[in-house]
1. For Rg and Dmax of the Cα atoms in Å, the choices are (1) 14.6, 51; (2) 17.1, 74; (3) 16.4, 49; which was calculated from the structure?
2. For segment 80-95, what does the Karplus curve 6.51 cos²θ - 1.76 cosθ + 1.60, with θ = phi - 60°, yield as ³J(HN,Hα) per residue in whole Hz, taken in order and with x for Gly and Pro?
3. Residue by residue, what Karplus-based ³J(HN,Hα) values in Hz, rounded to whole numbers, does segment 58-65 have, using 6.51, -1.76 and 1.60 with θ = phi - 60° and x for Gly and Pro?
4. When the Debye formula is applied to the Cα atoms of segment 45-107, each taken as the same point scatterer, what base-10 log of I(q)/I(0) results at q = 0.12 Å⁻¹?
5. Just to verify a number: FRET efficiency for R40 and E78, C-beta to C-beta distance, R0 = 22 Å, to 0.05?
6. Could you work out the helix-only [θ] at 222 nm for the chain, with each DSSP H run of four or more residues adding -39,500 (n - 2.57) and the total divided by the number of residues, to the nearest 500 deg cm²/dmol?
7. Can you give the relative contact order of the chain as a percent, counting alpha carbon pairs under 8 Å and 6+ residues apart?
8. Let me have the relative contact order for segment 5-61, percent, based on Cα pairs under 8 Å that are six or more residues apart.
Amino acid sequence: MTKTYYDYMETSIGNLMLAGNGDALMELGFPSGKGARRHRNNWLRNNDVFNEVKEQLSSYFVGELTDFSIPLAPIGTEFQLQVWQALQTIPYGETLSYGELARQIGRPKASRAVGAANGQNPIPVIIPCHRVIGSSGKLVGFGGGIETKQKLLGLEQELTRPAFAFETAN
């Protein structure tokens, strides 16, 4: 049986739980909200296993990293894995609706199922489910809470918004 390791990391959106098998990240949990996750009793605490994950997350939260290169091993159904893979193609600072994501994976009538799979994403932030919004453009459903979703999107959009050059009158 493979061992599962965990640790916690303080970030600008709260204390995140990290869990993995030593080779890949399997879960990232928010401290509160409907997506709150805590370690399980049979997991082993090991902060050394997550050095690269913590380094990349730290860089992301200060706006220095836009693409993660961490080995991931989310566990889910074939459909969930397909949705989570598609989430990783949404560019930093951009958003898609659930319907657009459903069309992207070739299942145009499956926006509700895409929403359910999105809600089960075990590695939020790195698998960027926060980049999926309602068809009206509203921020809807997020395991870490809407306020956290706003912070993540705000961070990304702040860094991708073009700088304006002002001309001065002579």
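Rule-based calculations on the coordinates, nothing more; no lab input. The structure presented is a predicted model; accordingly, all values stated were derived computationally and were not measured. Methodologically, a virtual Cβ is constructed for each residue, glycine included, from the backbone with ideal geometry; neighbour enumeration extends over all protein chains shown.
1. Only one listed value fits the structure, namely (2).
2. 4, 4, 5, 5, 5, 5, 5, 4, 6, 8, 6, x, 3, x, 10, 10
3. Those phi angles translate into 4, 5, 4, 5, 9, x, 9, 10 Hz.
4. -0.42
5. 0.35
6. So the helix-based figure for the chain works out to -9000 deg cm²/dmol.
7. Reported relative contact order: 21 percent.
8. 34 percent
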